[in-house]
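Reviewing the structure listed below.
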Ligand code: ADP
């Protein structure tokens, strides 16, 4: 019996099977299989239970929930589910720490703590990467080379700004805000926490942050790091729970600013809740980005950009290039190359260093992706998926693209948040701009062309917060990130990110 038969693979759209081994989507050629290259789990510590981290201490609560590894559905740990009362405790601790400690420290001293957090994260980078992949399903090569280094870079970057705010905003009077409430999603847990905590602390605020339901682990690892760095008690409070926990943060009158990353739906709820209050808010919400490929683009690089744009992190990326707009004259070439490339992607165990496509983050997300893909098929779009058998345990979805897509199809308009690309075509730059902007979102876009003047023309007319030219999904702590329209408002990263954490 071959390995494949033994593991009972399924070929359904969303089939299940044991992810104990990594496998290529390419038809198997004897002698050409990659050897397994699993990242070691020996050095990591995951407690069987995590309490809330409030006022520098572990605080028990009445209710706990499980967090599971989406690649094999095994339970990883029991996690505290913070009640509204727990949120009050965390906010009170943050308020006290703001009043008595953090706002009284010199900016230079604050910088030292932030710097220390970054240094300890560096020391524990491997452990953080492995846990991020186990809890979220993302390939280890991504958590190791993107999530964790970028998270660390944000702490270093904002440590540098803490005592230089006057240079960031010359001639202006400003002050810190107080307690900020931060709510993050499950696609980049530690990175989103860094985006939010680092600038908040640098500007002199204290924090209550809530992780997402399915990925709480690395935030509790961060709590350990914050303790080790000697950050004064109550300056950063880390809690976990679901939507009602988030809502309790939003509605707490002592929370003076909300920083939220998540769905547009919840973003709208938050706006309704804080209407009429003096709370500041930044919202980083959904997206349906156009990745626009002109006929004069370097095609092979563009195809890599398409793959990186939509299949990175299984497409669980708010700025994913989920709508490919390709110029008609090169459509067939691009599709041919894309098919070839999809067949070389390797789907499987997130902890294998060869894996390109890991597990879908949760059963719920898998159901959502499946429903939208089925709608594409029902509406007459043409689906392409590579030859691929999926593990029978865990949550998996084949890298997918659709051709024959009309702008009115659901898959062209709704955020799928999975490894699914919709391919549309255009003839002229004007048509490309119209199609790119034909969305309620405005978070990101990509433009591929050899001609600089064309790129400049496009970036001025495509309504998106971040536009990449001849690349995609590149991030740096010094460059601001954020959206227009229903993708939210406010910027994270760079000097612009500091502004959101100060009163002027
Ligand atoms: P996704 O669809 O990506 O899971 P959500 O917007 O549902 O995005 O979740 C993002 C974060 O918002 C999570 O931490 C979640 O617990 C939190 N959340 C969900 N509902 C609410 C709410 N009503 N108020 C505040 N936070 C919420």
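The values are calculated or read from the model by the stated rules, or taken from the named source; none is laboratory data. What you see is a predicted model; the values in this text were computed from it and never measured. Methodologically, a virtual Cβ is constructed for each residue, glycine included, from the backbone with ideal geometry; neighbour enumeration extends over all protein chains shown.
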* Does residue 95 qualify as being more than 22 Å from residue 217 (Cα to Cα), in contact with a strand residue (DSSP E or B) (Cβ under 9 Å, 6 or more places away or on another chain) and either at pLDDT 95 or above or outside any helix (DSSP H, G or I) (or both)? -> yes
How many residues of the range 281-297 are within 16 Å of the ligand (Cβ to nearest atom) and farther than 21 Å from residue 437 by Cβ? The answer is 2
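With respect to residue 191, is the statement that it is within 24 Å of the chain's Cα centre (by Cα), farther than 26 Å from residue 65 by Cα and assigned to a helix (DSSP H, G or I) true? Outline the logic, then answer.
Working: within 24 Å of the chain's Cα centre (by Cα): yes; farther than 26 Å from residue 65 by Cα: no; assigned to a helix (DSSP H, G or I): yes.
Against the criterion (within 24 Å of the chain's Cα centre (by Cα), farther than 26 Å from residue 65 by Cα and assigned to a helix (DSSP H, G or I)), residue 191 does not qualify.
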Looking only at the range 154-163, decide whether some residue is farther than 24 Å from residue 273 by Cα and within 16 Å of the ligand (Cβ to nearest atom). no
Across (1) over 15 Å from the mean Cα position of the chain (by Cα); (2) assigned to a helix (DSSP H, G or I); (3) within 16 Å of the ligand (Cβ to nearest atom), residue 196 clears everything bar (1)
Screening 224, 228 for residues that are free of Cβ contacts under 8 Å to residues at least 60 places away in the same chain and surrounded by fewer than 24 Cβ atoms within 10 Å (Cβ to Cβ) leaves only 224
The strands (runs of 3 or more DSSP E) lying wholly within the range 34-89 that contain at least 1 residues that are crowded, with 19+ Cβ neighbours inside 10 Å are 52-54, 64-69, 74-80
Residue count, the range 212-238, condition within 16 Å of the ligand (Cβ to nearest atom) and assigned to a loop (DSSP other than H, G, I, E, B), comes to 5
From the option list 241, 246, single residue qualifying as within 30 Å of residue 113 (Cα to Cα), near the ligand (Cβ under 10 Å from one of its atoms), in contact with a strand residue (DSSP E or B) (Cβ under 8 Å, 6 or more places away or on another chain) and in a helix (DSSP H, G or I) is 246
Checked the range 249-267 for anything within 15 Å of the ligand (Cβ to nearest atom) and either assigned to a loop (DSSP other than H, G, I, E, B) or modelled with pLDDT under 95 (or both); matches are 252, 262, 263
Residue count, the range 367-395, condition surrounded by 21 or more Cβ atoms within 10 Å (Cβ to Cβ), under 30 Å from residue 332 (Cα atoms) and within 16 Å of the ligand (Cβ to nearest atom), comes to 1
Exactly one of 419, 477 is surrounded by 23 or more Cβ atoms within 10 Å (Cβ to Cβ), under 24 Å from the mean Cα position of the chain (by Cα), under 30 Å from residue 270 (Cβ atoms) and assigned by TED's automatic domain parsing to the domain that holds residue 298, and that residue is 419
Of those in the range 446-470 that are free of Cβ contacts under 8 Å to residues at least 24 places away in the same chain and in contact with a helix residue (DSSP H, G or I) (Cβ under 7 Å, 6 or more places away or on another chain), the residue surrounded by the most Cβ atoms within 10 Å (Cβ to Cβ) is 467
Does residue 270 qualify as being more than 10 Å from the ligand (Cβ to nearest atom) and farther than 21 Å from residue 439 by Cβ? no
Of 209, 177, 184, the only residue that is within 14 Å of the ligand (Cβ to nearest atom), more than 15 Å from residue 117 (Cβ to Cβ) and touching a strand residue (DSSP E or B) at 6+ places or on another chain (Cβ under 7 Å) is 184
